[in-house]
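The values are calculated or read from the model by the stated rules, or taken from the named source; none is laboratory data. Keep in mind it's a predicted model, so treat the numbers as computed, not measured. Here Cβ is always computed from backbone atoms with ideal geometry, including for glycine, and neighbour counts include all displayed protein chains. These accessible areas exclude ligands, DNA and RNA; they are computed on the full protein's heavy atoms, side chains included. Shrake-Rupley method; radii C 1.70, N 1.55, O 1.52, S 1.80 Å.
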Amino acid sequence: MAIEIEKPSVGLSKVAVSETHGEDSPYFAGWKAYDENPYNESSNPSGVIQMGLAENQVSFDLLEKYLEEHSEASSWGEGAPGFRENALFQDYHGLKSFRQAMANFMEQIRGGRAKFDPDRIVLTAGATAANELLTFILADPGDALLVPTPYYPGFDRDLRWRTGVKIVPIHCDSSNNFQVTPEAMEAAYRCAESMNLKVRGILITNPSNPLGATIQRSVLEQILDFATNKNIHLVSDEIYSGSTFSSSEFISIAEVLETRGYKDSERVHIVYSLSKDLGLPGFRVGTIYSYNDKVVTTARRMSSFTLISSQTQHLLACMLSNKEFSENYIKTNRERLTWRYDMIINGLKNAGIECLKGNAGLFCWMNLSPLLEEPTRESELALWKVILNEVRLNISPGSSCHCSEPGWFRVCFANMSEQTLEVALGRIHKFMEQRRRN
Amino acid sequence: MEFTRNNNRQLLSKIATNDRHGENTPYFEGWKAYDSNPFHPTQNPQGVIQMGLAENQLCFDLIEKWLLENPDASICTAEGVDRFRDIAIFQDYHGLKEFRQGIAKLMGRVGGNRVKFDPNRIVMSGGATGANETVMFCLADPGDAFLVPSPYYAAFSRDLRWRTGLEIVPVDCKSSNNFRITRTALEEAYEKAQRSNINVKGVIIANPSNPLGTVLDKETMRSLVSFVNDKSIHLVCDEIYAATVFGSPRFISIAEIIQDMDCNRDLIHIVYSLSKDMGLPGFRVGIIYSFNDDVMNCARKMSSFGLVSSQTQFLLAAMLNDEEFVGNFLRESSKRLAKRHHVFTKGLERVGISTLKSNAGLFFWMDMRPLLKEQTVQAEIELWRVIINKVKLNVSPGSSFQCSEPGWFRVCFANMDDETVQVALERIREFMHQGKEEDGVSEKSKHWRKQNLRLSFSSSRLYNESLMSPHMISPHSPIPQSPLVRART
């Protein structure tokens, strides 16, 4: 047995010892509570119901049905002749058939109102990687990206951790349904300047996480104008684009560019993924679509660090190039999400809770500010703990999304069965009744 | 101010506009020559044979057989679809337990069952490419450096430096002692760095070596461990070619070395992958195995940027936990690599070309120093152009691996079928005989110098998947072939 010698502590990198990975935030404490006591209809009916996870579980049957009916997607052909080519394929351009299928899928989601060139699609292992990669390309360490609040908590890690880039928030509030305004963008830009930070771009999520709402065309125009005037980039994370309840309500930045004849499009980059729309987060399918040739080339080279498994590219190329399947999927998925959304909104209304009017996503943005002792973050977290420990629902407090107004919570509804959602709504109802009585 | 194309360079980051992606080196001429004129036994028998790609194509039949016998390993077949939704949703960065167990078992087996690897220490990454980069992010800050014994894998320049901002300090190894890594060379490189105020954070080695194809001996490995202990710096061992070893000496994992040594285990980190040992580069299976808890935890969080597709994890879990299959695969693979290696090296020997004695990797290290007009990189590149242009073989010049001695070439042998092997050998034979017809080595050199050394291609071929065949695959060609649509402004 080796004798233990005195171990001088050896330095790791600054990145390694920083906390920018974000996992020490209270947001993750909710995960812990769920992991330790997860709800199960039969075996643990009083456990914590997970409503903090933006997953789409409502349309798996459609995928399974496709697989059962299309064996060519599941194998590499009779006797597996395509296997070796596929197993060897590590070209960072990605399978052309897959890029073609993704371009078509993105077009279908936008009702054909925008065209996508498969050769501008760069593949990454998830939108997580896509957002980080774009940040490496568009900004230097110490520079800043402007991001409207409230925003996806993962951005703190994805945009900042290894890149050394900072986020300067564009504050939005309920007075206008949390829409971005030119004034708010200017204020954020000035704030960055006052901190001596060079702003390199603005990153929006459309439809928004956590708001569950699409960005209006007029606002998109203002954002694009702002980016043009400041000569900065515009990244539009459209990961929830297929989860809009009605096709016509989602306007992609691609459509705005189309109307403008693609003037100034070289500053625009779109991020997409199949993790939400297709409910396949495990498959790690992310894409970057850039109108800037140099960004496409560089992103493609960088994607070497985070390619999509060729096995998965092959499967999805088959699946998504089947027009009948993809059209039906998009339509049916929309209908089911709308149904779920209506169910939760009505259920919350009956309990006396209002939500932001939403039209997309896998969650709703719930307003519990009337319940706060004081309009502070501390009060919000106290209320959150009560909901976690007493009502036994893991929902996400607005502060974890950097919301400047306390009292808002993101509540996911697509990652459970309808029965579980009923149970959750029942618990909320009971909770609100008890509060009214006290 | 307008966002014109002129301003483009300033509007992207420094990382985006520097050359550390590595694609602007002359090295890529070889790729271009191959891509524009790829060998095919019937369709293009005069084309360039790809010998610059370290792929293992010798054992696909074994895997294909296993796949057909195990349809439930795929979540998309009738037999496996009941697992589809659980796997499709699974994005936990710990990875599927069965996958980690399979990898740990494989690593143990490949190391001769002398070490047990803990499945809970297995961390995923986007291929070994992603693994090496992630480890660097964990261990060093921008501006810090890692010592890298040369000759080394060409893409380390990109993987270790590009986004991390690190520097590489090469540790020169020489043919006079078969390119062994000596303590002296390490110390020299370290001191040189110190004098230039470069902060060295560690050493990274590849064992088995790319491009040498040799395994490290125990003594060298112990010397490395004691070196890093003395300096309190890290040791990263890229063991990606571990199972490509045939014959002796056997592969020794760094994990085995530290079992019998007093050392600070927090300094030791292993990178592994299935891209070479199992021939599955498309599946992007990179593994980080660190003995340092903080590094393991950090790398695991970072793996969010490059997780292995859960569909692929599931398939490989089934395959790697089939111990009979794995045992048979490793044995057969070794055998076939040995045979291929033997055919080539003996064939070369017969025409007077010597190679570094090796028993691992998917390539051998060929000594063409006698054929250089002078011992310079320039002469090496000239000779290389002749080999590509006249002999029509895409081999890799030693300078692309930062070899300090000109005249060495890496030649890959496991990415082609037996017929192509014979064609390649025949071309080499012819080439050497031509040379022998004139007097002596220097005549040979003069003969080539008179040739038109400019590369010339037939019409360029656009990348087209439908033309791919086992003979013509160039999936890793870094040449951007897809024509980009110009943005309309």
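Residue by residue, here is whether (1) among the aromatic types (F, W, Y); (2) within 20 Å of the chain's Cα centre (by Cα); (3) crowded, with 22+ Cβ neighbours inside 10 Å holds:
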position	(1), (2), (3)
B:K339	no, no, no
B:F363	yes, yes, yes
B:E374	no, no, no
B:V377	no, no, no
B:V386	no, no, no
B:K390	no, no, no
B:Q402	no, yes, no
B:F409	yes, yes, yes
B:D418	no, no, no
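Could we say that B:A140 is surrounded by 22 or more Cβ atoms within 10 Å (Cβ to Cβ) and of a type outside the set (D, E, K, R) here?
For B:A140, the condition - surrounded by 22 or more Cβ atoms within 10 Å (Cβ to Cβ) and of a type outside the set (D, E, K, R) - is met.
Could you tell me which of the residues B:E69, B:E98 is acidic (D, E) and under 30 Å from the mean Cα position of the chain (by Cα)? Quick ask: steps written out before the conclusion?
Details: B:E69 fails: under 30 Å from the mean Cα position of the chain (by Cα).
B:E98 is the lone residue from the list that is acidic (D, E) and under 30 Å from the mean Cα position of the chain (by Cα).
Being surrounded by fewer than 19 Cβ atoms within 10 Å (Cβ to Cβ), in a loop (DSSP other than H, G, I, E, B) and either at negative phi or touching a Gly at 6+ places or on another chain (Cβ under 7 Å) (or both) is the filter here; which residues of region A:102-113 pass it?
Within region A:102-113, just A:R113 meets the criteria.
A:Q90 passes all but one of (1) within 30 Å of A:M195 (Cα to Cα); (2) touching a helix residue (DSSP H, G or I) at 6+ places or on another chain (Cβ under 9 Å); (3) not aliphatic (A, V, I, L, M); which number fails?
Of (1) within 30 Å of A:M195 (Cα to Cα); (2) touching a helix residue (DSSP H, G or I) at 6+ places or on another chain (Cβ under 9 Å); (3) not aliphatic (A, V, I, L, M), only one is false for A:Q90: (1).
For region B:233-248, give me the residue count where each residue is touching a Lys or Arg at 6+ places or on another chain (Cβ under 9 Å) and part of a loop (DSSP other than H, G, I, E, B).
4
Determine if region A:231-249 includes at least one residue that is surrounded by fewer than 22 Cβ atoms within 10 Å (Cβ to Cβ), at pLDDT 95 or above and not polar (S, T, N, Q).
Looking for residues that are surrounded by fewer than 22 Cβ atoms within 10 Å (Cβ to Cβ), at pLDDT 95 or above and not polar (S, T, N, Q), one finds none in region A:231-249, hence no.
Hey, can you tell me all the residues within region B:236-275 that are within 10 Å of another protein chain (Cβ to nearest Cβ) and either surrounded by fewer than 24 Cβ atoms within 10 Å (Cβ to Cβ) or modelled with pLDDT under 95 (or both)?
Answer for region B:236-275, where residues must be within 10 Å of another protein chain (Cβ to nearest Cβ) and either surrounded by fewer than 24 Cβ atoms within 10 Å (Cβ to Cβ) or modelled with pLDDT under 95 (or both): B:I258, B:Q259, B:D260, B:M261, B:D262, B:C263, B:N264, B:R265, B:D266.
Please state which one of B:F117, B:F156, B:F137 is more than 8 Å from every other protein chain (Cβ to nearest Cβ) and more than 17 Å from the chain's Cα centre (by Cα).
Residue meeting the stated conditions: B:F117.
Given (1) in a helix (DSSP H, G or I); (2) small (G, A, S); (3) under 18 Å from the mean Cα position of the chain (by Cα), identify the lone condition not met by A:A227.
That leaves (3) as the condition not met.
Any chance you could count how many residues in region A:388-433 are among the hydrophobic types (A, V, I, L, M, F, W, C), touching a Cys at 6+ places or on another chain (Cβ under 8 Å) and surrounded by fewer than 20 Cβ atoms within 10 Å (Cβ to Cβ)?
0
Looking only at region A:269-302, filter to residues that are more than 17 Å from A:G242 (Cα to Cα) and small (G, A, S); which one of those is nearest to the other protein chains (Cβ to nearest Cβ)?
A:G282
Exactly one condition in (1) modelled with pLDDT of 95 or more; (2) more than 8 Å from chain B (Cβ to nearest Cβ); (3) outside any helix (DSSP H, G or I) is not met by A:D140; state its number.
(2)
Can you tell me which residue within region B:260-278, out of those that are over 12 Å from the mean Cα position of the chain (by Cα) and part of a loop (DSSP other than H, G, I, E, B), is farthest from B:M221 (Cα to Cα)?
Per the criteria, the residue is B:M278.
Can you name the residue in region A:163-208 that is part of a loop (DSSP other than H, G, I, E, B) and open to solvent by 50 Å² or more (accessible area, probe 1.4 Å) and, of all such residues, is farthest from B:P142 (Cα to Cα)?
So the residue we want is A:N177.
Quick one: A:I344 ticks every box in (1) open to solvent by less than 10 Å² (accessible area, probe 1.4 Å); (2) among the β-branched types (V, I, T); (3) within 14 Å of chain B (Cβ to nearest Cβ) bar one, so which box is it?
(3)
Looking only at residues in region B:290-321 that are at the interface with chain A (Cβ under 8 Å from one of its Cβ atoms) and among the hydroxyl-bearing types (S, T, Y), which one is nearest to B:V236 (Cα to Cα)?
Only one residue fits best here, namely B:S304.
Mind counting the residues in region B:221-235 that are in contact (Cβ under 8 Å) with a residue 12 or more places away in the chain and either closer than 16 Å to B:A155 by Cα or open to solvent by 10 Å² or more (accessible area, probe 1.4 Å) (or both)? Give the derivation first.
Of region B:221-235, the ones in contact (Cβ under 8 Å) with a residue 12 or more places away in the chain are B:221-229, B:231-235.
From what is left, the residues that are either closer than 16 Å to B:A155 by Cα or open to solvent by 10 Å² or more (accessible area, probe 1.4 Å) (or both) are B:222-223, B:226, B:229, B:231-232.
Residues in region B:221-235 being in contact (Cβ under 8 Å) with a residue 12 or more places away in the chain and either closer than 16 Å to B:A155 by Cα or open to solvent by 10 Å² or more (accessible area, probe 1.4 Å) (or both): 6 in total.
Does A:T298 meet the test of being free of Cβ contacts under 8 Å to residues at least 40 places away in the same chain, open to solvent by less than 10 Å² (accessible area, probe 1.4 Å), under 30 Å from B:W162 (Cα atoms) and part of a helix (DSSP H, G or I)?
no
Mind checking whether some residue in region A:59-71 is part of a helix (DSSP H, G or I), modelled with pLDDT under 80 and open to solvent by 30 Å² or more (accessible area, probe 1.4 Å)?
Looking for residues that are part of a helix (DSSP H, G or I), modelled with pLDDT under 80 and open to solvent by 30 Å² or more (accessible area, probe 1.4 Å), one finds at least one in region A:59-71, hence yes.
B:V285 passes all but one of (1) at pLDDT 95 or above; (2) open to solvent by 10 Å² or more (accessible area, probe 1.4 Å); (3) within 26 Å of B:G22 (Cβ to Cβ); which number fails?
Result: B:V285 fails condition (2) only.
Using the structure shown, decide if A:L95 is under 24 Å from B:S13 (Cα atoms) and either within 11 Å of another protein chain (Cβ to nearest Cβ) or charged (D, E, K, R) (or both).
No; evaluated as a whole, the condition is false for this residue.
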